[in-house]
Amino acid sequence: MQPPALLSLFHMGFIILGAILLWLPISHHGDIGLGEALFASTSAVTVTGLVLADTGTAFTGFGQAVIAVLIQLGGPGLMTFAVLLLGARGIPVGMPQRLILREDTCHG
């Protein structure tokens, strides 16, 4: 699978998982539907900053934590964190992983 396609799948997976987590009753104070949760998740992963509801008042602490994690995964990039973790554990990063990292940091 090509690096851009792989990154797109990861981001899509994070958006869907984030939307489901934000839609759970533990994540909000009662007025967030699936559409709003999907919009908030997409906005967080793509780091656009657009919202339909005030994050501080509409979401609980758990929901805000989910949004913060989505921003971290989408902003600096999934592969950046993966390389940092692999490097910290002493696991070498091969050429396929470097290509994906380059694609994520240069075009993401």
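The values are calculated or read from the model by the stated rules, or taken from the named source; none is laboratory data. Treat the numbers as computed from the prediction; the structure is a model and nothing was measured. Note: ideal-geometry Cβ built from the backbone for every residue, glycine included; neighbour counts use all protein chains shown.
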Specify the residue that is nearest to L6 (Cα to Cα); the eligible residues are those in the stretch 87-97 that are at pLDDT 70 or above and surrounded by 10 or more Cβ atoms within 10 Å (Cβ to Cβ). P96
Look at T42 and say whether it is surrounded by 11 or more Cβ atoms within 10 Å (Cβ to Cβ) and modelled with pLDDT of 90 or more. yes
Report yes if Q64 is modelled with pLDDT of 95 or more, out of contact with any strand residue (DSSP E or B) (no Cβ under 9 Å at 6 or more places or on another chain), assigned to a helix (DSSP H, G or I) and not hydroxyl-bearing (S, T, Y), otherwise no. yes
Return the total of residues in the stretch 1-24 being more than 29 Å from R98 (Cβ to Cβ), without any contact (Cβ under 8 Å) to a residue 40 or more places away in the chain and either in contact with an Asp or Glu (Cβ under 6 Å, 6 or more places away or on another chain) or part of a helix (DSSP H, G or I) (or both). 3
I'd like the full set of residues that are under 18 Å from L70 (Cβ atoms), surrounded by fewer than 18 Cβ atoms within 10 Å (Cβ to Cβ) and either of a type in the set (A, V, I, L, M) or in contact with a Gly (Cβ under 6 Å, 6 or more places away or on another chain) (or both), limited to the stretch 1-37. L9, M12, I16, L17, I20, L24, I26, L34
Check the stretch 25-45 and report whether any residue there is assigned to a loop (DSSP other than H, G, I, E, B), within 30 Å of R98 (Cα to Cα) and not hydrophobic (A, V, I, L, M, F, W, C). no
Failed item, numbered, when H28 is tested on (1) farther than 21 Å from S8 by Cα; (2) of a type outside the set (A, V, I, L, M, F, W, C); (3) out of contact with any helix residue (DSSP H, G or I) (no Cβ under 7 Å at 6 or more places or on another chain): (3)
Long-range neighbours under 8 Å by Cβ, at least six apart or interchain, first residue under 15 Å from P25 (Cβ atoms) within the stretch 55-69, second surrounded by fewer than 13 Cβ atoms within 10 Å (Cβ to Cβ) and of a type in the set (A, V, I, L, M, F, W, C): T60/I26; F62/I26; G63/I26
